Each structure stands twice: as structure tokens, then as C-alpha cells.
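Colleague: The structure's right below; bear with me while I get my questions together.
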Amino acid sequence: MNCIASSSKSLASTTTRTTKQLACSRYYYSTLESTPTASTSNHTPPPPTPPTTASSPPIPKASRAFLPPPNQIHETINNILAPHGYPIDFKIAVRAMTHKSVGRKEEGAIGHNEKLTFLGRRILRLHLTLYLSRVLAPNSQATSRFISTEAIDKILQTRELGATVGKELGLEHALRWREVRGPDGFMTGLYKSRGNALEALVAAVHLSHGIEASNQVFHKLVLPHLSLPASLEREILATARGEVVEDVSEPVVKEEGEARTANP
């Protein structure tokens, strides 16, 4: 009898626990049904588009080609050269001002200026070297520092020529070129194209009138606007006065984004 009573109590206790568990389960699932759930779709929404602000203008989608008419090119170039007595003919003027970036269709039968720029760079090196050898004191520290291939090439960097001399001459008004996309995603290329045009123009004068003509163009049109290191300018002035400059420790040329000299 005691066993039967004990079994009955155990069964009753188990039944009570089961009933409570079922009630809890029904309550739990009822709360799930009443609570909105996130979508289980595999579709991933696209990331939001960042707003365009004044500090981040939209990036151009395509490059632009700048193609002034050939007659305008010839007239603009001879307005620069003719006052100094060295006009050039139509074909070589248009070729000197046509950068290879425009493409074969736009450059036409006249072609682009790549070969002229190759020659023009070497002519500029020659004239700058001769100029420095004449204005610097022989066997001076400045002579050995600045009359070197590395120093001359840094002074005559194509992009720097376009930013200084080419800008002063207004070569962009006669320049045929196409923008390129820079590392920051924006369109660029004017300084480099304008520097190439200056090199080609010097070569065109040399081919049309000879070495003395290109030397005159260098001294009258290039040298006055050339960006020389400050220490070199001081050395040239000191030599002209018969003085000696001890310190020429500044960098040979300024780098982009840096000061012109280390000790201004």
C-alpha cells in the first residue's frame, strides 16, 4: 500500500511539472508570434550613397579633349616667337602643340610632338648647362653641385616647366591635349602637356632656325621664368659681384608640396 501511495504522489508531481512546462512553452511561442522578426531573405541591401558636399565635388566620368583650330595654334605660336625674329611654319607649329594624349584621330596626318619633346629636352639641357658654366665661378662648390646631369634634369622637370614657363607663355591657348584621370580620381594633365609643348617648341625653333635661334629663345622666353633653386640664384648674383658664397646646402630644387629651400 505504501508503494502504491508513493507511486501515486510521484505521478501527480510529474503531471504537475509537465503541465507547467506546456503552459510556459505556449506563452513563449505566443510572444514570438506577436513580435516582428527580421527578414530572412538572402538579399543584401546596397550601401548608402554618400552625400555630395562642397568639399567633395562629383568626379568627372569622361575625359575632355582640348582641340583649338590649327590656324589658331599657328597664330598663337607666332605671336610668341615672331617678335624675337623666329617664326615657324604651320605644320611644325601644330605638331609641336599636339600632345599624344589626343589620339590618332584628332592628331591627324601632322602627328604629335613626342619626337620634338625628346629633342627639345636635350637642347634645353645644353643651353642651361652653357649658361651656368658662364655665370658660375670656375672650380667653385656651386659649379660642381649644379652643373651635373641630376641637377640640370631636376631644374628642367617637364611638369615644372609647364607650371612656370609654359603658363607664362600662355601655351594652353594653342595646346591640343586630353585630360587624364589622376590618382585622386580627378582629371589632370595640363602641366605635363604644357611642359611637353614647351620642349617641342624649343626643338621646332632649333630645327627651323638653328642652334643660335634656340639659344636666344631659351634666354628670352625660358630663362626669365625658370624656377631655379634659391641657393643657385644667390651664387649667380654673388659671382657677378665677385663675392664667394660659402653655404649652398639647400636642396637643388623644390619638391612638390615642400618649401623651396630648407632654410629660407
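Colleague: Taking a ≥ b ≥ c as the square roots of the eigenvalues of the Cα gyration tensor of the stretch 145-196, is the shape rounded (a/c under 1.5), prolate (a/b larger than b/c) or oblate?
Modeller: oblate
Colleague: Using a/c under 1.5 as the rounded threshold, could you call the stretch 111-201 rounded, prolate or oblate? The axes a ≥ b ≥ c are square roots of the C-alpha gyration tensor eigenvalues, and prolate needs a/b larger than b/c, oblate otherwise.
Modeller: Prolate, because a/c is 1.5 or more and a/b exceeds b/c.
Colleague: Sort the stretch 86-129 into rounded, prolate or oblate with this rule: let a ≥ b ≥ c be the square roots of the eigenvalues of the Cα gyration tensor; rounded if a/c is under 1.5, and if a/c is not under 1.5, prolate when a/b is larger than b/c, oblate otherwise.
Modeller: Values: a/c = 3.86, a/b = 1.72, b/c = 2.25.
Oblate is the answer for the stretch 86-129, as a/c is 1.5 or above yet b/c matches or exceeds a/b.
Colleague: Okay, next question. With every protein chain left in place, what is the accessible area per residue of the stretch 146-208 in square angstrom, probe 1.4 Å?
Modeller: Result: 40 Å² of accessible area for each residue.
Colleague: Here's something else I'd like to know. Calculated FRET efficiency, Thr149 and Leu223, Cβ-Cβ r, R0 30 Å, to nearest 0.05?
Modeller: 0.95
Colleague: If I ignore ligands, DNA and RNA and count only protein heavy atoms, how much of Asp184 is accessible to a 1.4 Å probe, in Å² to the nearest 10?
Modeller: Counting only protein heavy atoms, Asp184 exposes about 100 Å² to solvent.
Colleague: State which entries of Lys154/Lys220; Lys91/Lys154; Lys91/Lys192 exceed 28 angstrom in Cα-Cα distance in the structure shown. Could the numbers behind the result be given before it?
Modeller: On the way: Lys154/Lys220 21 Å; Lys91/Lys154 31 Å; Lys91/Lys192 22 Å.
Those over the limit are Lys91/Lys154.
Colleague: Take Phe90 and Ser63, extend 7 Å from each Cα along the Cα→Cβ direction, and tell me the distance between the two endpoints in nm.
Modeller: 2.9
The values are calculated or read from the model by the stated rules, or taken from the named source; none is laboratory data. What you see is a predicted model, and the numbers here were worked out from it, not measured in a lab. Neighbour counts are summed over all protein chains in view; Cβ atoms, including those assigned to glycine, are modelled from backbone coordinates with ideal geometry. Just the protein is used for accessible areas: all its heavy atoms, side chains included, with ligands, DNA and RNA removed. Shrake-Rupley method; radii C 1.70, N 1.55, O 1.52, S 1.80 Å.
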